[in-house]
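J.: Dumping the structure here so I can ask a few things about it.
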Amino acid sequence: MTSSLSPPDDRGSGVGHRPPIPRAVWALGLVSLFTDLGSEIVHSLLPVLLVGGLGASAFAIGVLEGAAEALMLVTKVFSGYLSDALGKRKPLVLLGYGLAALSKPLFPLAGSVTTVVAARLLDRFGKGIRGAPRDALIGDLAPPSIRGACFGLRQSMDTVGAVLGHKSTQSTQRYSHLRQDTMRQAMAAIGGRKIPHTF
């Protein structure tokens with residue numbers, strides 16, 4: 001690893017002195033937040049798209065998710081080793097987040113199960129590539145006295161993004177059901193009869 005990435009050793013800089021969290025760590029945290037927010041929105045609706053829109057079976061969804069998670073775990077092993085061998089973390093981190101961003105538009109545009117499978121595998125491949133180099137990069141950037149705080153900040157922002165994405169999906173689904181109920185009531189009032197609940 002080049003010395004330019006090594007953080008200053010502030011352990012002897014005075015009692016009670018805590019340097020601020022580097023801006024690069026905040027930036028990684030924000031990227032993680034928005035990436036996880038988008039991922040949760042897409043992946044929460046993925047079974048609906050596969051089963052309701054494309055006619056896939058529950059077994060097919062299980063196989064897809066298993067293969068995607070296995071790909072991510074295997075990729076993590078090699079991405080960490082590769083970042084050490086290259087002595088560079090940033091290109092792998094950018095590649096991983098770039099692949100995740102590239103995969104998101106493919107889900108709503110998918111016209112077949114094959115496209116969804118490719119997008120899902122691409123997304124998990126990107127997650128596997130960026131994970132270990134990103135954590136190593138935070139370790140390189142963080143001053144020793146606040147290294148734990150830097151890792152905690154990044155992880156907490158990641159979790160916040162996942163929670164916000166899940167809540168956004170729930171709110172969208174509630175609004176959709178409310179709108180459908182309103183439409184049924186309006187149609188019943190206009191037609192003078194009760195409309196069955198078919199949505």
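J.: Does the stretch 83-106 contain at least one residue that is farther than 24 Å from Cys150 by Cβ and either touching a residue at least 40 places away in the same chain (Cβ under 8 Å) or of a type in the set (D, E, K, R) (or both)?
T.: Checked against the condition, which is being farther than 24 Å from Cys150 by Cβ and either touching a residue at least 40 places away in the same chain (Cβ under 8 Å) or of a type in the set (D, E, K, R) (or both), the stretch 83-106 yields at least one hit.
J.: Do the conditions hold for Leu137, that is, is it crowded, with 16+ Cβ neighbours inside 10 Å and either over 19 Å from the mean Cα position of the chain (by Cα) or over 26 Å from Trp26 (Cβ atoms) (or both)?
T.: Values: crowded, with 16+ Cβ neighbours inside 10 Å: yes; either over 19 Å from the mean Cα position of the chain (by Cα) or over 26 Å from Trp26 (Cβ atoms) (or both): no.
Criteria not met by Leu137.
The rows are residues; the columns are (1) buried (at least 20 other Cβ atoms within 10 Å of the Cβ); (2) modelled with pLDDT under 85; (3) not in a helix (DSSP H, G or I).
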{"residue": "Leu45", "(1), (2), (3)": "no, yes, no"}
{"residue": "Gly62", "(1), (2), (3)": "no, no, no"}
{"residue": "Ala67", "(1), (2), (3)": "no, no, no"}
{"residue": "Leu73", "(1), (2), (3)": "no, no, no"}
{"residue": "Phe78", "(1), (2), (3)": "no, no, no"}
{"residue": "Ser83", "(1), (2), (3)": "yes, no, no"}
{"residue": "Ala100", "(1), (2), (3)": "yes, no, no"}
{"residue": "Val116", "(1), (2), (3)": "yes, no, no"}
{"residue": "Gly126", "(1), (2), (3)": "yes, no, no"}
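J.: Being at pLDDT 85 or above and either more than 30 Å from Leu109 (Cβ to Cβ) or of a type in the set (D, E, K, R) (or both) is the filter here, so list the residues in the stretch 4-39 that pass it.
T.: If the condition is that a residue be at pLDDT 85 or above and either more than 30 Å from Leu109 (Cβ to Cβ) or of a type in the set (D, E, K, R) (or both), then Pro19, Pro20, Ile21, Pro22, Arg23, Ala24, Val25, Trp26, Asp36 are the ones that fit.
J.: Is it the case, given these coordinates, that Leu109 is surrounded by fewer than 16 Cβ atoms within 10 Å (Cβ to Cβ), within 21 Å of Ser83 (Cα to Cα) and either among the aromatic types (Phe, Trp, Tyr) or out of contact with any Ser or Thr (no Cβ under 6 Å at 6 or more places or on another chain) (or both)? Let's see the steps before the verdict.
T.: Working: surrounded by fewer than 16 Cβ atoms within 10 Å (Cβ to Cβ): yes; within 21 Å of Ser83 (Cα to Cα): no; either among the aromatic types (Phe, Trp, Tyr) or out of contact with any Ser or Thr (no Cβ under 6 Å at 6 or more places or on another chain) (or both): yes.
Spelling it out, it is not the case that Leu109 is surrounded by fewer than 16 Cβ atoms within 10 Å (Cβ to Cβ), within 21 Å of Ser83 (Cα to Cα) and either among the aromatic types (Phe, Trp, Tyr) or out of contact with any Ser or Thr (no Cβ under 6 Å at 6 or more places or on another chain) (or both).
J.: Among the residues of the stretch 93-119, which ones are of a type outside the set (A, V, I, L, M, F, W, C) and over 17 Å from Glu69 (Cβ atoms)? Walk me through how you get there before you give the answer.
T.: Taking the stretch 93-119 and keeping what is of a type outside the set (A, V, I, L, M, F, W, C), we get 96-98, 103-105, 108, 111-112, 114-115.
The answer is Tyr97, Gly98, Lys104, Pro105, Pro108, Gly111, Ser112, Thr114, Thr115.
J.: OK, next. Here are the criteria: (1) surrounded by 15 or more Cβ atoms within 10 Å (Cβ to Cβ); (2) of a type outside the set (A, V, I, L, M); (3) at pLDDT 75 or above. Tell me which single one Thr159 does not satisfy.
T.: Status for Thr159: all satisfied but (1).
J.: A follow-up question, please. Within the group Ser112, Ser79, Ser103, which residue is among the polar types (S, T, N, Q), farther than 26 Å from Ile61 by Cβ and out of contact with any His (no Cβ under 7 Å at 6 or more places or on another chain)? Give the derivation first.
T.: Numbers: Ser112 fails: farther than 26 Å from Ile61 by Cβ; Ser103 fails: farther than 26 Å from Ile61 by Cβ.
Among Ser112, Ser79, Ser103, only Ser79 is among the polar types (S, T, N, Q), farther than 26 Å from Ile61 by Cβ and out of contact with any His (no Cβ under 7 Å at 6 or more places or on another chain).
J.: Only one residue in Gly98, Gly87 is of a type outside the set (A, V, I, L, M, F, W, C) and farther than 19 Å from Leu33 by Cα, so which one is that?
T.: Numbers: Gly98 fails: farther than 19 Å from Leu33 by Cα.
Being of a type outside the set (A, V, I, L, M, F, W, C) and farther than 19 Å from Leu33 by Cα holds for just one of Gly98, Gly87, which is Gly87.
J.: Ok, one more. What single numbered condition from (1) modelled with pLDDT of 80 or more; (2) over 30 Å from Pro108 (Cα atoms) fails to hold for Met1?
T.: Met1 satisfies every listed condition except (1).
The values are calculated or read from the model by the stated rules, or taken from the named source; none is laboratory data. Bear in mind that the values here come from a model prediction, so they are computed numbers and not experimental data. Positions of Cβ are generated from backbone atoms using ideal geometry, with glycine treated the same way; all protein chains shown enter the neighbour counts.
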